[in-house]
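Read the figures in this text as sums done on the coordinates, not as results from a lab. Computed from a predicted model, the values in this text were never measured in an experiment. Every residue, glycine among them, receives a Cβ derived from its backbone with ideal geometry; neighbour counts consider all protein chains shown.
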Amino acid sequence: MKLWFGFIFVLLVAFETVVYENIFHELLFLFTTKPLYIVLFYSFATIIGFLSITSLFFLRNRWLFSLFFMALLTTYGLELVYKNINNVGLSLNDLSVALAQADAFALDALTTYQEAIKQTFIVLVVVILFMLMVRRVVHINRWYISAKWIIVLYLFALALGYSILYRTIGGTETRPTNFKVANTFIYYLSNRLYYGKRDKLLQKAVHKSSYKNIILIVDESVGGKYLSINGYPKETTPYLESIKSRYINLGLASSVANCSQSSNILLMSGASLNSLPDRGQRVLKQPSIFQYAKRAGYRTHYISEQSRGKRLQNLMSKYDLEYIDDFFQPKEFYTHKSMPEEDLIKATKRALKSSSKNFFFIVKHGSHFQWEKSYPQSEKYFLPTLKSSDPLRLDKKEEAINSYLNAIRYNVDLFFKYFLKETDFFNQKDTLIIYTSDHGQSILEEGRTSTHCDSTNPPLTQGIVPLLLFSTNGVLKDFQFKKDIYSHYEIMPTIKKFMGYETKQKTFFDINETNSQQTFVSGDIFGRTSLEFNSIKSMR
């Protein structure tokens, strides 16, 4: 029995080392950077973890063994799928995004990442056969260990792993995989975000507003480098090129984060780079852009093509609705109609007929994967492309890029052609459009199939977004804007300034090359796990 126990222990360690590649790498990193007692504690927790997993094979009760068996397979599968996608594995940020967007993008994700799922399935089949073989040997020889000792050892190992996760704020990986994934779920459930009323806005607008209508358009998954108006060699934005004298192109800007949920709530709440990580969760508590707009006399509109009905997203709560006069989301999931994002355009057109001042926060459906589904096949311009059922694969990079470029041409260029025409924008008085995207996009870069939301060492293209200004009065006429120095951090302060507020935060008018902060964050913006700061300036 002792020989078999040791045999299973060694095989489990070997399996995780080969498949997940993190155990000895983490130990080496700790050994070269941390005191010896930390290395010893981590090693002790890892050994206890593997001992507890090994002991599960010696459970007498078959139902209890089946329960643990399914838990092992589930955690192995989750970790390996994410590792095949992002080269890292499941993180708190991944879990948070998956739980928030499962109903909207689950099918797209399953199709896009089916290759990673297939690879994981093959590994799991081998794991299942191995586990059942070992279990059969244990059962035939009746080598059983008391269930209470196994459970005590398992809970002890779980507690040790959680203590490391808690102490390092997710900065240190813990193994075995079963404990890493389990502790990530526990950590998520025990660190839920604030859900309640926002602070009252005490500040008043002290100047006359610069615009009657202010429209903030936040696109989805539009990488700034893929727009031909920003120098991309393929003609993805011919319409915008044809009217380039009628708007201001601020070039390649930095998003605040590389994930939709984080970027949208930060844009809505106006956090600064210096305030991150936001451990006090101020972006969920402080006055939102809607409160500033209402206090300045604007009618507020939230229009989204990403969700449906009354389902809120991007960390919005029912308390935000108190400050939104017009909330619009289609009743059904997004479908292609006679023009890109037709429901959104019509809702904006209706609202602009109002004689009141209007502030719009518009969230587009945009170019989220699957890209072949994000534009109608009649708008296929760049060839060859992926098929709608194709996963993202490294050997299909040209097809993937062309599919994405078609999505950009349709959802950005053609969208503006219809949006500006249908809203009669250039004949609207005192109206401003600020256009950007929630985050950029990486397409099969660095051997990853993930396109955004990578928590660790993300490709910098995930934080590069477009930034355009359309204005129908002379407020921006004489200001000399420069390109490629701006970020999301200046958007809310600029809007507040146009609404008539004084602000100490930097606006578009205060940014130059020396104080430009083109940095996006990856990971958890609330500091529940490690947060990385990524400068896109290093790409230039």
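Rounded to whole Å and ordered largest first, report the semi-axes of the equivalent ellipsoid of the stretch 247-347 derived from its Cα gyration tensor (root of 5λ).
Numbers: eigenvalues 120, 68, 45 Å².
Computed over the stretch 247-347, the values are 24, 18, 15 Å.
Output needed for the stretch 421-492: three equivalent-ellipsoid semi-axes, defined as square roots of 5 times the C-alpha gyration tensor eigenvalues, in descending order, whole Å. All intermediate terms of the calculation are to be shown ahead of the outcome.
Working: eigenvalues 216, 43, 16 Å².
Taking √(5λ) for each eigenvalue gives 33, 15, 9 Å, largest first.
In square nanometres and to one decimal, what's the mean projected area of the convex hull around the Cα atoms of the chain? Walk me through the numbers before you get to the answer.
Values: hull surface 106.6 nm².
About 26.6 nm², averaged over all directions.
How much of the pair distance distribution for the stretch 2-190 lies past 27 Å, counting alpha-carbon pairs only, in percent?
Values: 5425 of 17766 pairs.
For the stretch 2-190, the share of Cα pairs beyond 27 Å comes to 31 percent.
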What angle, in degrees between 0 and 90 and rounded to the nearest 10, separates the Cα long axis of helix 342-352 from the longest principal axis of the Cα atoms of the chain? 40
Go ahead and collect, in residue order, the members of the stretch 149-174 whose backbone nitrogen is under 19 Å from a label point 7 Å along the Cα-Cβ direction of Asn61. 149-158
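Determine the gain in length on full extension of the stretch Phe481-Leu129; use 0.36 nm per residue of separation and subtract their C-alpha separation, reporting nm with one decimal.
Taking Phe481 through Leu129 to full extension adds about 120.4 nm, to one decimal.
Can you figure out the FRET efficiency of Arg142 with Ser163, using R₀ = 41 Å and their beta-carbon distance, to the nearest 0.05?
On the way: r = 36 Å, r/R0 = 0.87.
It comes to 0.70.
What does DSSP give for the chain in terms of the percent of beta bridges that are antiparallel, rounded to the nearest 5? Mind dumping the intermediate values first?
Working: 15 of 40 bridges.
Rounded to the nearest five, the antiparallel share is 40 percent.
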Using the 10 angstrom Cβ neighbour count as an exposure proxy, how do His439, His488 rank, fewest first? His488, His439
Percent of Cα-Cα pairs per 10 Å bin, from 0 to the last occupied bin, for the stretch 321-432, please list those. 13, 38, 28, 16, 6, 0
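Tell me, what is the percent relative contact order of the chain, built from C-alpha pairs under 8 Å that lie six or more residues apart?
Values: 947 pairs, mean separation 115.2, N = 540.
Value for the chain: 21 percent.
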What FRET efficiency, computed as 1/(1 + (r/R0)^6) with R0 = 41 Å and r the Cβ-Cβ distance, is obtained for Phe31 and Lys234, rounded to the nearest 0.05? 0.25
Please give the helix 62-86 orientation as an angle from the longest Cα principal axis of the chain, in degrees from 0 to 90, rounded to the nearest 10. 40
Ala71 versus Gln505: modelled label distance in nm, points set 7 Å from Cα along the beta carbon direction: 4.4
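For the stretch 339-390, build the convex hull from the C-alpha positions and give me its volume per residue in Å³. Don't jump to the answer; show the numbers that get you there.
On the way: hull volume 4.6 nm³, N = 52.
Given the Cα convex hull of the stretch 339-390, per-residue volume reads 89 Å³.
From the helices alone, meaning DSSP H stretches of at least four residues, give me the mean residue ellipticity at 222 nm for the chain, per-run term -39500 (n - 2.57), in deg cm²/dmol to the nearest 500. It would help to have the intermediate numbers written out before the result.
On the way: 15 runs with 221 residues, N = 540.
-13500 deg cm²/dmol, from helical runs alone.
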Of Lys331/Lys353; Lys364/Lys397; Lys337/Lys421, those spanning more than 19 Å from alpha-carbon to alpha-carbon: Lys331/Lys353; Lys364/Lys397
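Arrange the following residues from fewest to most other Cβ atoms within 10 Å of their Cβ: Glu322, Glu445. Show your work: numbers first, answer last.
Numbers: Glu322 13, Glu445 17.
Least crowded to most crowded, the residues run Glu322, Glu445.
So for Arg409, Arg136, fewest C-beta neighbours within 10 Å to most, what's the order?
Numbers: Arg409 26, Arg136 10.
Fewest to most other Cβ atoms nearby, the residues stand as Arg136, Arg409.
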Along the Cα→Cβ direction, 7 angstrom out, place labels at Leu3 and Tyr194. What is the inter-label distance in nm? 6.2
At q = 0.13, 0.22, 0.26 Å⁻¹, what is the log10 ratio I(q)/I(0) for the stretch 467-540, with the Debye formula run over Cα points and no solvent? -0.49, -1.10, -1.28
